[in-house]
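Let me begin by presenting the structure, written as structure tokens, before commenting on it.
The values are calculated or read from the model by the stated rules, or taken from the named source; none is laboratory data. Because the structure is a prediction, the values reported are computed rather than measured. All Cβ positions, glycine included, derive from the backbone under ideal geometry; neighbour counts span all protein chains shown. With ligands, DNA and RNA removed, areas are computed over all heavy atoms of the protein, side chains included. Shrake-Rupley method; radii C 1.70, N 1.55, O 1.52, S 1.80 Å.
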Amino acid sequence: LQAKRPNIIFILADDLGWAELGCYGNRFNETPHLDRLAKRGLRFTHAYASAPVCSPYRAAFLTGQYPARVGILDYLRPNSENGLSTDQITLPERLRDAGYATGMIGKWHIGFREGLRPHERGFDFTYVFHSGARSYYPKTKNGDPLYRNGIRVAKEPAYLTDAFAAESANFIKQNRNDPFFLYLAFNAVHTPMEATNKYLKRFPNIKDRKRKAMAGMLSAMDDAVG
């Protein structure tokens, strides 16, 4: 029975073009961990997302339905009253009923108000922000709150991509003896363009500030996947 319930880790990048990865021919960025995953697994070369922006795609992924079916056709504005309807059954709800531990870490963006948040939609553990974008730095004016299991986190001291990696690794460790589903939704490489010196130093030859930040942000996410 256990062999029929494999662990599932779904990793989602934000605003990342397929051509930015080495496994799709990019020789500019550095993505060794993602490239290794592609080499050992599968690459999709004729595939399309159900929507090109945040909220519709996320709603489609969690329900298995087209965005039009669930009534989310564009990204949700801050504090929108709309969101993924509670009439919709989500993937984590199905998997939890099948005996899975379910966790979500990262960007939610399909519901802000009570009843529509991730800890209320089938996830046993959550470490998330609800909006479409926030800063990656601990000290910032653009820091939408982080929530752990619905409770606001007072302070996250780490660069956000690193923090999401640590939280994910901990969730996997804690549930290693049970079938688990982890939805890891990075906000990288979505704006704001922010990378720490650790990652910026990996690209000394890139002079354009924004392009260098993007390469650093992608490198941080690749490390997190690794």
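Please indicate, with yes or no, whether at least one residue in segment 101-110 is in contact (Cβ under 8 Å) with a residue 40 or more places away in the chain, over 17 Å from the mean Cα position of the chain (by Cα) and open to solvent by less than 30 Å² (accessible area, probe 1.4 Å).
Filtering segment 101-110 down to residues in contact (Cβ under 8 Å) with a residue 40 or more places away in the chain leaves 101-110.
Cutting the leftovers down to over 17 Å from the mean Cα position of the chain (by Cα) gives us 101.
From the residues that got through so far, the ones that are open to solvent by less than 30 Å² (accessible area, probe 1.4 Å) too are 101.
Yes, that holds for at least one residue.
Let me spell it out: the conditions are (1) small (G, A, S); (2) more than 25 Å from D178 (Cα to Cα); (3) touching a residue at least 40 places away in the same chain (Cβ under 8 Å), and G115 meets all of them except one. Which number is the exception?
(3)
I'm checking my understanding of the structure. Among residues of segment 156-186 that are touching a Leu at 6+ places or on another chain (Cβ under 7 Å) and assigned to a loop (DSSP other than H, G, I, E, B), which one is surrounded by the most Cβ atoms within 10 Å (Cβ to Cβ)?
Residue satisfying both the conditions and the ranking: F186.
Does A133 qualify as being open to solvent by 20 Å² or more (accessible area, probe 1.4 Å), among the hydrophobic types (A, V, I, L, M, F, W, C) and free of Cβ contacts under 8 Å to residues at least 40 places away in the same chain? Break it down stepwise before answering.
On the way: open to solvent by 20 Å² or more (accessible area, probe 1.4 Å): yes; among the hydrophobic types (A, V, I, L, M, F, W, C): yes; free of Cβ contacts under 8 Å to residues at least 40 places away in the same chain: no.
No; evaluated as a whole, the condition is false for this residue.
Enumerate the pairs (first residue in segment 210-226 and open to solvent by 10 Å² or more (accessible area, probe 1.4 Å); second residue anywhere and of a type in the set (S, T, N, Q) and at pLDDT 95 or above) with beta-carbon separation below 6 Å, excluding pairs fewer than 6 apart on the same chain, so at least 6 apart or on different chains.
From segment 210-226, the pairs are A224/T161.
Restricting attention to segment 31-46, does a residue exist that is open to solvent by less than 40 Å² (accessible area, probe 1.4 Å), under 22 Å from D222 (Cβ atoms) and under 15 Å from the mean Cα position of the chain (by Cα)? Lay out the reasoning, then the answer.
If we filter segment 31-46 for residues that are open to solvent by less than 40 Å² (accessible area, probe 1.4 Å), which is where we start, we get 31, 34, 38.
Next, from what is left, pick out any that are under 22 Å from D222 (Cβ atoms): 31, 34, 38.
Narrowing the set further to residues that are under 15 Å from the mean Cα position of the chain (by Cα) leaves 34.
Looking for residues that are open to solvent by less than 40 Å² (accessible area, probe 1.4 Å), under 22 Å from D222 (Cβ atoms) and under 15 Å from the mean Cα position of the chain (by Cα), one finds at least one in segment 31-46, hence yes.
Considering only segment 187-221, how many residues are part of a helix (DSSP H, G or I) and not charged (D, E, K, R)?
As a first pass, look at segment 187-221 and keep what is part of a helix (DSSP H, G or I): 197-200, 209-221.
Retained after the next criterion (residues that are not charged (D, E, K, R)): 197, 199-200, 213-221.
So the answer is 12.
Going through segment 79-95 one residue at a time, which ones are open to solvent by 20 Å² or more (accessible area, probe 1.4 Å) and touching a residue at least 60 places away in the same chain (Cβ under 8 Å)?
Within segment 79-95, L91, L95 meet the criteria.
Working only within segment 8-43, note down all residues that are over 26 Å from F180 (Cβ atoms) and among the hydroxyl-bearing types (S, T, Y).
Y24
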